[in-house]
Amino acid sequence: MKISHVRTYVVRQAAATYLGDRPERALSGWPDYRVLPPRNTLYPRDLETLIVSVHTDEGLVGWGEALTPVGTEAVATLVNQLLTPALLGEDPAGVAVLQHRMRQLMRVRGHLSGHQADAVAAVDTALWDLRGRALGVPVHELLGGAFRTVVPSYRSGLPGVTDAERASAAAQAAAEEGMTAVKLHLGAGVEADLATYDAVAAAVPGVRIALDAHWAYRLFDARRLAHGLDERGAWFLEAPLAPEDVEGHRDLALAVRTPIAVGEALRSRYEAEHWLRRRALHICQPDIGRTGITEGMAFVQLCDAAHVPVAPHHSVAGSIALAAALHVCAATPELVAMEYQPNPFPVGNQLLREPLRHGPAGFTVPDGPGLGIDIDPDKLAEVTR
């Protein structure tokens, strides 16, 4: 069996409220994008992602997806012009070999991160899906087996701008969805963040609460925030400092009791190893839509050796990336939980013949061949630009 061709799909699906409780600022120069303070990160107005299909001369197809909320066309170009020529005519069974080859193409230029890494992640996931389909087994079996068939989750974000609105939304989610854990998207200032935490905690006693600061703080304020969370018994504090500040995170992790969670900005095992060696995080959060399955499992193995638990991040990607993450979660020895995005989740499911399942206990790990999902080509064509 040989790889015959690769296709890319630049997908945009309407999802006006997927940003949850994060404020946004419109940009006149970029009509399709919004900025999320405090770090002024670009996000699209709708759900934008790159889907890749890898085809063989025997008619088998594997599906992959990269988290590409902006510059999706650039990532598609990298797949088409740089990666595809390295794949054509190759045996898709050698997933690790092909992933290594793709990474080597731009490694000397430092491109183990950014758009190049996104492109490799999408193709890598498609190759794992193809391998599982060819053998008739789920990806988690190829990764060594499943520690669990249901992946615990936490709700990411609450609708509302005021603390009262967020508290009301939390109570509603606990009552209607069975929510047992939630992550607040904040970074509005130490006192404001703690006030929001208190309002939500009062509305949903017993629910675990984490806080994502979106890299908003300097070390001295991050310490104040974390000590306030220590007093409140917070679940974890995510991304308190600038994502490149390894030493700052290490200093913070040593100074507080609240677990410090980091990982969504990391793309390679080399970055993960550096953070783990410096003891700069308590919980590692690789995003499989950014790492792909091969590199994501390298994160898992490094974390296992360092005795650091894993809680995969899942941002504004669709159901293919989510399915890939669930297989990685199933094969992870020490798992905290998987992020559940309540607004993108049903949007991504629209492309599947059978949706992924989520309930109060968490996500059900797909058990069909490959990723265990079935793409509806007609639905995909409707949202491909």
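Structure summary
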{"read-out": "Chain lengthening between A171 and R353 when straightened (0.36 nm per residue, less Cα-Cα)", "value": "62.3 nm"}
{"read-out": "DSSP bridge orientation in the chain - percent antiparallel, rounded to nearest 5", "value": "60 percent"}
{"read-out": "Accessible area per residue, Å², the chain with all protein chains present, probe 1.4 Å", "value": "39 Å²"}
{"read-out": "Projected-area average for the chain over all orientations - Cα convex hull basis, square nanometres", "value": "17.5 nm²"}
{"read-out": "When the convex hull of its Cα atoms is projected in every direction, mean area for the range 241-353 (nm²)", "value": "7.1 nm²"}
{"read-out": "All-pairs Cα distance distribution in the range 74-215, expressed in whole percent, bin size 5 Å", "value": "2, 9, 14, 12, 9, 8, 10, 13, 12, 8, 3, 0"}
{"read-out": "Computed log₁₀ I(q)/I(0) - Debye formula, equal Cα scatterers, no solvent, the range 67-157, q 0.23, 0.24 Å⁻¹", "value": "-1.12, -1.16"}
{"read-out": "Simple label model, 7 Å out from Cα along Cβ direction - A265 to L135, nm", "value": "3.6 nm"}
{"read-out": "Label-point gap, in nm, between M1 and R232 - each point 7 angstrom along Cα→Cβ", "value": "5.0 nm"}
{"read-out": "Spread of Cα-to-Cα distances over 5 Å intervals beginning at zero, given as percent, for the range 43-103", "value": "4, 16, 24, 25, 16, 9, 5, 2"}
{"read-out": "Inter-label distance for S113 and D367, nm, one decimal - labels placed 7 Å from Cα along Cα-to-Cβ", "value": "4.1 nm"}
{"read-out": "Listed residue (L380, A203, G114) projecting farthest to the positive dipole end of the chain, Cβ model", "value": "G114"}
{"read-out": "Dimensionless Rg/Rh of the range 179-239 - Kirkwood Rh, Rg from C-alpha atoms", "value": "0.93"}
{"read-out": "Computed over the range 143-197, the ratio Rg/Rh where both radii use C-alpha atoms and Rh is Kirkwood", "value": "1.14"}
{"read-out": "The range 217-237 residues near the modelled E191 label - backbone nitrogen below 20 Å, point 7 Å along Cα→Cβ", "value": "217-232"}
{"read-out": "Whole-Hz couplings from phi, Karplus 6.51/-1.76/1.60, listed for the range 356-365; x for Gly and Pro", "value": "5, 10, 9, x, x, 7, x, 8, 7, 6"}
{"read-out": "³J(HN,Hα), Karplus 6.51/-1.76/1.60, whole Hz, each residue of the range 374-385, x for Gly, Pro", "value": "10, 6, 8, x, 5, 5, 5, 5, 5, 10, 8, 8"}
{"read-out": "Extension gain, R257 back to V61 (0.36 nm per residue minus Cα-Cα distance, nm)", "value": "65.8 nm"}
{"read-out": "Loop GluC sites (Glu not before Pro), the range 227-291, which have at most 15 other Cβ atoms in a 10 Å radius of their Cβ (DSSP)", "value": "E244"}
{"read-out": "Residues Q81 and R148, FRET efficiency given R0 of 30 Å [Cβ-Cβ distance, rounded to 0.05]", "value": "0.15"}
{"read-out": "Difference of contour (0.36 nm per residue) and Cα-Cα distance, H100 to V70", "value": "8.3 nm"}
{"read-out": "The chain - mean residue ellipticity at 222 nm from DSSP helices (-39,500 (n - 2.57) per run, n ≥ 4, rounded to 500)", "value": "-12500 deg cm²/dmol"}
{"read-out": "The chain: relative contact order in percent, alpha carbon pairs under 8 Å with at least 6 residues between", "value": "20 percent"}
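The values are calculated or read from the model by the stated rules, or taken from the named source; none is laboratory data. Since the model is a prediction, treat every value here as computed from it, not as a measurement. Using ideal geometry, Cβ is built from the backbone for each residue, glycine included, and neighbour counts are taken over all protein chains shown. In case anyone asks, the SASA skips ligands and DNA or RNA and just uses the protein heavy atoms, side chains included. Shrake-Rupley method; radii C 1.70, N 1.55, O 1.52, S 1.80 Å.
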